[in-house]
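One structure is given below, encoded as structure tokens.
The values are calculated or read from the model by the stated rules, or taken from the named source; none is laboratory data. These numbers come from a predicted model, not from an experiment. So basically every Cβ, Gly included, is an ideal-geometry build from the backbone, and we count neighbours across all protein chains shown.
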Amino acid sequence: MTAAMLTPLPSAANPDLVLEARNVTKSFGGLVAVNKVDLQIPRGSIISLIGPNGAGKTTFFNVIAGILDPTSGAVEFNGQQMVARPVRAWLEPITWVVPPIVIGLVGGLIYQASATIGALVILAAIIGLITMLLAAIIRPAWYRNMLLRLGVFKSARPNEMVRAGIGRTFQNIRLFANMTALENVQVGMHLKMVSNAADALLSTPRARAEEQRSVITARHFLELVGLKGRGGQLAKNLPYGDQRRLEVARALASEPTLVLLDEPTAGMNPNETRQMTELISRLRHDLGLSFLLIEHDMKVVMGISDRITVLDHGERIAEGTPEEVRANPRVIEAYLGKPPE
Amino acid sequence: MRSDFRGIARPLGIGAIALVVEYLLLGTQQFANALTLGAIYALIALGYTMVYGIVELINFAHGDVFMVGSFLAMWIMTTIFGLTGPVTNLLNLVALLAIVMLATMIGMGFLGMFIERVAYRPLRHAPRLAPLITAIGVSFILQNIIASLFGPSPVNFPQIVPPDKFVILGSRIAYLNLFIVIMAVVLMIVLQLFVGRTRLGRAMRSTAQDREAAELMGVDINQTIAITFFIAAALAGAGGMVQGLYAGSIKFDLGFFVGLKAFTAAVLGGIGNTTGAAIGGFVIAFVEVYATVLGYTQWSEVAVFTVLILVLVFRPSGLLGQQLGERA
Amino acid sequence: MTTISKSGAPSAWARFRSMSRNHRSITILVGWALIAGLLPQIVRIPPMSTFQPESLWIDGFADAGVFILLAMGLNVVVGLAGLLDLGYAAFFAIGSYVYAFGASPFTGVQIPFWPMLIVGAVIAATLGLLLGAPTLRLRGDYLAIVTLGFGEIVPAVFLNASDLTKGTNGIGGIYKPQLFGFNFTLENPVPYYVTMVAILAVTMVLLYRLQDSRLGRAWMAIREDELAAASSGINTITTKLLAFALGASTAGLAGVFATSKLTFVGPGQFGFQVSFTVLAMVVLGGMGNIWGVATGAFVIYTIQAVLLKELNQFFQALHVPILQSIDFVQYQYLLYGIALVGMMLLRPEGLFPSSRRREELHVNSEDVGDIPPPTEALGQ
């Protein structure tokens, strides 16, 4: 495992912060799950998010990962706004549906007078629609910019967050259960590979070489998390702790700059927990990765976090270094008066 | 499934606006037709929406349960009661209608429960694709059983309601239309009361919200799901019977298109929302009747399908539904 | 790290497996060549030859090829990407009508058959894109119902737009293929048979390459867990769209071929029964396994085209009162329905499962199985 495998940190507008969430609120119907939460993740730091069950940690996580749209507030990653409440989202389907229909109707009217011209106009409408569709599929960045010019803002989708450099794991493990461990990691490397459908169909040397390289790289990632030699096993046949580690390997395979880990040590024995903690520290130290953790194990949290944010009932009740949080009376109160050990 | 007693103003408002627009565009005569058709679609759409709300499965066999319901009603009328033509005695007529409907609903209810037990329950934790494929299989089984029992050509449905008409707003409307609409509305109100006020209804709502939590709170999930299928299929059975009375003949593949339209109605209203399903049924019937009025009868199915696509593009959560489109 | 055989020298079978894995394209081509050569010999042997003459068998095999092609295309959508397409026959219809428009006296155009294969595939894929774009953003079940509707609407459009399609009468007299001045004829099915085998072999090579590529992995990831796939950087919408369009293009291709052979196209050929039959072929053959699906399609087609008719004649000849009156052909869809439900409940991986799919569909499979992925072998 070498640092060369993971891309160097890109220079950003605000080099100190890799991610900044401002005023993030998410409500479901009348229930406010996350209420005006701020979070800053300095580059190369390990930040933890703690709080009692139902405090809104995972909801907040899902907003950052681009899975849920916030009700208000915004998330910036490397100085670029990635997630916010959608603006004028209704305009998007209209731009798709209305112009072809209008041109088609006009074509239909012309058809009464001159069949040839009318048919050509209708054909033009169909071809225009298809061209636009293909353009949107092939050049998503161009399409996104076009929407922005129309004043439409949509939050980044999860895959766009990965492209920007955020990797994540899930609270209840979501591996590709019936694919091998190696294939799971290869899927994680999806964005780092370039061969497309045409390459695959023609079986070009480029595609074959890339496929072979990806196997070797994926083995490195497996080795990194301590799964050497397990690559051929189906993910669902791995023991629980190995599944958690495989998820981390898959998240790392996209070569992120920020890794979101949702309870990475849940269900692990003390030995496995120690290994995972060491891995996180090592990745931060060697590769300069930043981490955001949701974690229940206070020993882990207090041990590796640079700063801790405490949520309760969707609100941020405390933020600070482990020592500050440990001493904070509101935190102690939130944890039923029992001080975190 | 939401309790629709709270926040009832919005659905009622949308429903009222839809009805007024329909009336203005169609005129009394066609409006009555649209209303009748809409009542039938609504009864079926309710089944789609209830089942989807509780097990998140598009029950493709639902349209065919409706079809089987119309055949069962036909069989009861002709074979058990020996009916072929109109029943002129009002009391007899009402009693017969009530008995046949009750029998059909109960029969179909058990069929729905049976289908759930055999084809869906074993696959509750299987990959999503599996129950969808069995649903399609069940749909074909039902169609072909009926086709082999009653033949592949249309079968006459005894017209026990006399073709008398009454005059309203200058148009002559058959009493049958009135009966169908009133029956559908009564069934829907009963359903709302059941879902909103009873213990089983509460169990259904909580299961739809969060199955695991409901189970922890002591709700018998299997029983609740079975009852949901029973009610859904019973409503479809009632719809099947009135469809037979309304159309005059029934066919083994009847459930396919009616099912598709009713599903569109459920999506339009917001799948999982019972009031929405009812409103959706009336809107879809309106689209269909309006296409006929404009002289495009054979395009009405294309029109309904276009509505389905447009709803999915513009408002996948439907008129009254919550956010459904997954962003993943 | 991992080799095929664990104990001692690899057996001949293991060596064959390893070779066929590493040279899959060649293996497939050789396999199809063998099949193409053997089938005509088999039907000359008595039990087969008593059913129908050899030329009818060959003709039937060419028709079966259409369904094998359809099943392989639907397998990409259902088996690999996990999307349920219930209106697959619509794309078959589109391919068929494209050829009818491109090469019939009705339109007065005569474009050669071979480029039309591509045109049919491309137009079907385009319509697949247009249908999939709004619906693939939503949950999988919506796609099922939308395709179900689409499958009914497309024939309805061909039926109702009678100015353009001659409506219910259909378009007849469609031109047959030509190759270097050689004319395909109705009397001689062999050229169609050979063409079909060639199309099948090439399609299968391409599908296997896709399945083993980065794209194929992305499809499987989406099938396994869509959210996790998106969180691994896969653009789920475009990836699903690609699977959908590829499936559609295969059906378009099949449509062009089938029409050129039948020389007639009408809206009645593309009912829901066709989609349903193809789905049954995929499910019975084993979702996700290309060879399995092809075998399933072949078996089902042969049963419905030959065996059920034979069964009818057999019982007619027996003069058993009840069995005599049963028309077995009429019951085939009932049988498919029962087969679909039964397979999903008892053997969801199909009759010829792919090793991976077998692991998945049994929810509580304890069978660990030490299956080396193809990529492992590549890496060594």
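Here C:PRO134 fulfils each of the conditions (1) surrounded by fewer than 24 Cβ atoms within 10 Å (Cβ to Cβ); (2) assigned to a helix (DSSP H, G or I); (3) within 7 Å of another protein chain (Cβ to nearest Cβ); (4) touching a residue at least 40 places away in the same chain (Cβ under 8 Å) apart from (4). Look at (1) more than 28 Å from the chain's Cα centre (by Cα); (2) surrounded by fewer than 14 Cβ atoms within 10 Å (Cβ to Cβ); (3) not β-branched (Val, Ile, Thr) and you find that A:TYR111 fails only one, number (2). The residues of region C:137-182 that are within 10 Å of another protein chain (Cβ to nearest Cβ), touching a residue at least 60 places away in the same chain (Cβ under 8 Å) and not in a helix (DSSP H, G or I) amount to a single one, C:ARG137. The numbered conditions (1) over 28 Å from A:GLU183 (Cβ atoms); (2) surrounded by fewer than 18 Cβ atoms within 10 Å (Cβ to Cβ); (3) touching a residue at least 60 places away in the same chain (Cβ under 8 Å); (4) not aromatic (Phe, Trp, Tyr) are all true for A:ALA266 except (1). When region A:93-108 is limited to residues that are more than 19 Å from C:PRO134 (Cα to Cα) and hydrophobic (A, V, I, L, M, F, W, C), the one that is surrounded by the most Cβ atoms within 10 Å (Cβ to Cβ) turns out to be A:ILE103.
When only residues in region A:176-192 that are outside any loop (DSSP other than H, G, I, E, B) and within 7 Å of chain C (Cβ to nearest Cβ) count, which is surrounded by the fewest Cβ atoms within 10 Å (Cβ to Cβ)? Among them, the one singled out is A:LEU191. Applying the criterion of at least 3 residues that are more than 17 Å from the chain's Cα centre (by Cα) and within 10 Å of another protein chain (Cβ to nearest Cβ) to the helices (runs of 4 or more DSSP H) found wholly in region B:243-328 leaves B:300-314. Under the condition of being modelled with pLDDT of 90 or more and of a type in the set (A, V, I, L, M), the residues counted in region C:87-115 number 6. Each residue in region C:234-275 was checked for being part of a helix (DSSP H, G or I), among the polar types (S, T, N, Q) and away from chain A (no Cβ under 12 Å), and 6 pass.
Here C:ILE234 meets each of (1) in contact (Cβ under 8 Å) with a residue 60 or more places away in the chain; (2) more than 24 Å from the chain's Cα centre (by Cα) with one exception, condition (1).
How many residues does region B:204-220 contain that are more than 22 Å from the chain's Cα centre (by Cα) and under 23 Å from A:PHE28 (Cβ atoms)?
So the first thing to find is which residues in region B:204-220 are more than 22 Å from the chain's Cα centre (by Cα), and the list is B:206, B:209-220.
Still in the list and also under 23 Å from A:PHE28 (Cβ atoms): B:206, B:209-217, B:219.
Selection size over region B:204-220: 11.
Does A:LEU109 meet the test of being away from chain B (no Cβ under 14 Å) and not aromatic (Phe, Trp, Tyr)? Answer is yes for this residue.
Looking at this structure, is C:PRO105 within 14 Å of chain B (Cβ to nearest Cβ) and of a type outside the set (Lys, Arg)? Here the answer is no, as C:PRO105 does not meet what is asked.
Go through (1) away from every other protein chain (no Cβ under 11 Å); (2) in a loop (DSSP other than H, G, I, E, B); (3) not charged (D, E, K, R) one by one and return the number of the condition A:GLY229 breaks. Every condition holds for A:GLY229 apart from (1).
Any residue at all in region A:152-169 that is facing chain C (nearest Cβ under 10 Å), over 28 Å from C:ALA125 (Cα atoms), touching a residue at least 40 places away in the same chain (Cβ under 8 Å) and in a loop (DSSP other than H, G, I, E, B)? Within region A:152-169, one or more residues are facing chain C (nearest Cβ under 10 Å), over 28 Å from C:ALA125 (Cα atoms), touching a residue at least 40 places away in the same chain (Cβ under 8 Å) and in a loop (DSSP other than H, G, I, E, B). Number of residues in region A:287-300 that are over 22 Å from the mean Cα position of the chain (by Cα) and part of a helix (DSSP H, G or I) equals 3. The residue that is surrounded by the fewest Cβ atoms within 10 Å (Cβ to Cβ), counting only those in region A:193-225 that are outside any loop (DSSP other than H, G, I, E, B) and of a type in the set (S, T, N, Q), is A:GLN212. Residues that are within 19 Å of A:ALA21 (Cβ to Cβ) and in contact with an Asp or Glu (Cβ under 9 Å, 6 or more places away or on another chain) were ranked within region A:302-311; the one that is surrounded by the fewest Cβ atoms within 10 Å (Cβ to Cβ) is A:ARG307. For the criterion of being assigned to a helix (DSSP H, G or I) and within 14 Å of the chain's Cα centre (by Cα), A:LEU260 fails.
Taking the condition within 27 Å of B:SER139 (Cβ to Cβ), touching a Ser or Thr at 6+ places or on another chain (Cβ under 7 Å) and more than 14 Å from chain C (Cβ to nearest Cβ), does B:MET188 pass? Against the criterion (within 27 Å of B:SER139 (Cβ to Cβ), touching a Ser or Thr at 6+ places or on another chain (Cβ under 7 Å) and more than 14 Å from chain C (Cβ to nearest Cβ)), B:MET188 does not qualify.
Among the residues of region C:88-95, is any within 23 Å of C:GLU310 (Cα to Cα), in contact with a Pro (Cβ under 8 Å, 6 or more places away or on another chain) and part of a helix (DSSP H, G or I)? Within region C:88-95, not a single residue is within 23 Å of C:GLU310 (Cα to Cα), in contact with a Pro (Cβ under 8 Å, 6 or more places away or on another chain) and part of a helix (DSSP H, G or I).
If you filter region B:39-70 down to residues that are touching a residue at least 12 places away in the same chain (Cβ under 8 Å) and not in a helix (DSSP H, G or I), you find that the one that is surrounded by the fewest Cβ atoms within 10 Å (Cβ to Cβ) is B:LEU57. From the list C:ALA305, C:ALA280, the lone residue that is within 14 Å of another protein chain (Cβ to nearest Cβ), among the small types (Gly, Ala, Ser) and closer than 19 Å to C:TYR331 by Cβ is C:ALA280. Pairs meeting the criteria (first residue in region B:120-149 and more than 8 Å from chain C (Cβ to nearest Cβ) and β-branched (Val, Ile, Thr), second residue assigned to a helix (DSSP H, G or I) and surrounded by 19 or more Cβ atoms within 10 Å (Cβ to Cβ), beta carbons under 6 Å, at least 6 apart or on different chains) are B:ILE146/B:PHE71.
Against the test of being assigned to a loop (DSSP other than H, G, I, E, B) and touching a residue at least 24 places away in the same chain (Cβ under 8 Å), the options B:THR84, B:THR78 yield a single qualifying residue, B:THR84.
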